[in-house]
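This report refers to the structure that appears directly beneath it.
The values are calculated or read from the model by the stated rules, or taken from the named source; none is laboratory data. From a predicted model like this one, the values you see are computed outputs, not experimental measurements. Using ideal geometry, Cβ is built from the backbone for each residue, glycine included, and neighbour counts are taken over all protein chains shown.
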Amino acid sequence: MSATPEGLKYSKEHEWVRVEGNQAVIGITDFAQDELGDIVFVELPAEGAELHANETFGTVESVKTVSDLFAPVSGKVVRVNGALEDTPEHVNSSPYENGWMVVVEMSNPSELEGLLDANGYRAETEA
């Protein structure tokens with residue numbers, strides 16, 4: 001069974017959000033990285049890029065497939081995890097800590113209401 005930490009928000013597309021004030025730290029869930037297998041490349045937007053909820057903001061490439069990343073919230077990218085360029089495997093080994101992908105300054109925090117809590121996400125992935 002994959003880890004689903006409490007206190008985060010989750011999308012049905014398997015992204016997680018950790019809210020820090022008006023910013024959202026975004027990555028993919030343990031369930032998603034496990035389904036993808038060994039991640040070999042992560043393509044992320046540049047700092048300053050505008051993300052729109054439910055739209056693609058990058059890709060994750062694993063030995064099995066290439067998967068789109070979907071923004072769980074809208075806003076401006078203020079930080080990108082550049083370490084993933086050289087060590088994309090952090091997404092596998094530490095999806096909620098070292099494997100985060102972007103930090104977004106949210107333009108519409110009410111979008112968080114449409115996301116799942118840990119119990120809701122667990123129910124989605126166990127269905």
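Figures for the structure shown
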| item | result |
| --- | --- |
| Selection status of F31, in contact with a Ser or Thr (Cβ under 9 Å, 6 or more places away or on another chain), more than 22 Å from A3 (Cβ to Cβ), at pLDDT 95 or above and aromatic (F, W, Y) | no |
| Matching strands (runs of 3 or more DSSP E) fully within region 42-126 where at least 2 residues are more than 18 Å from Y10 (Cα to Cα) | 56-62, 75-80 |
| G120 over 19 Å from L36 (Cα atoms), touching a Phe, Trp or Tyr at 6+ places or on another chain (Cβ under 8 Å) and not charged (D, E, K, R) | yes |
| Sole exception among (1) buried (at least 17 other Cβ atoms within 10 Å of the Cβ); (2) within 12 Å of the chain's Cα centre (by Cα) for T59, by number | (1) |
| Filter pass, D86 being among the charged types (D, E, K, R) and in contact (Cβ under 8 Å) with a residue 24 or more places away in the chain | no |
